[in-house]
Amino acid sequence: MHQLYSNLVTRYEKAVSFQDRVVEHERRCGHILPESEILLEVLIENLAEARCALDRETHSHH
């Protein structure tokens, strides 16, 4: 289970990084899509939840 949560956190970190670059590019080009910013916010929230789940899993086995 620990490995599953760890992989999930890693994937969300990559997704957040990618989406952050998309939003930054849109800002530089002057055409920000609200959907891009909303997606970034959702990914950041999901990453936080995945990290909490990983922490719970890690601490439940110590």
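In table form, for the structure just shown:
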| item | result |
| --- | --- |
| Selection count where residues are of a type in the set (Phe, Trp, Tyr) and out of contact with any helix residue (DSSP H, G or I) (no Cβ under 8 Å at 6 or more places or on another chain), scope the range 1-58 | 1 |
| Single condition Asn46 does not satisfy, out of (1) modelled with pLDDT of 95 or more; (2) more than 12 Å from the chain's Cα centre (by Cα) | (2) |
| Condition met for Ser17 (at pLDDT below 95, among the polar types (S, T, N, Q) and open to solvent by less than 100 Å² (accessible area, probe 1.4 Å)) | no |
| Total residues in the range 28-40, condition surrounded by 12 or more Cβ atoms within 10 Å (Cβ to Cβ) and free of Cβ contacts under 8 Å to residues at least 24 places away in the same chain | 4 |
| Subset of the range 4-46 (residues that are small (Gly, Ala, Ser) and in a helix (DSSP H, G or I)) | Ser6, Ala15, Ser17, Ser36 |
| Residues of the range 1-27 classified as without any contact (Cβ under 8 Å) to a residue 24 or more places away in the chain and of a type in the set (A, V, I, L, M), total | 3 |
| Qualifying positions in the range 41-57 - open to solvent by 40 Å² or more (accessible area, probe 1.4 Å) and either farther than 27 Å from Met1 by Cβ or not acidic (Asp, Glu) (or both) | Glu41, Val42, Ile44, Asn46, Ala48, Arg51, Cys52, Arg56 |
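The values are calculated or read from the model by the stated rules, or taken from the named source; none is laboratory data. All of these numbers come straight from a predicted model, not from anything done at the bench. Neighbour counts are summed over all protein chains in view; Cβ atoms, including those assigned to glycine, are modelled from backbone coordinates with ideal geometry. Heads up: the accessible areas ignore ligands, DNA and RNA and are worked out on the full protein's heavy atoms, side chains in. Shrake-Rupley method; radii C 1.70, N 1.55, O 1.52, S 1.80 Å.
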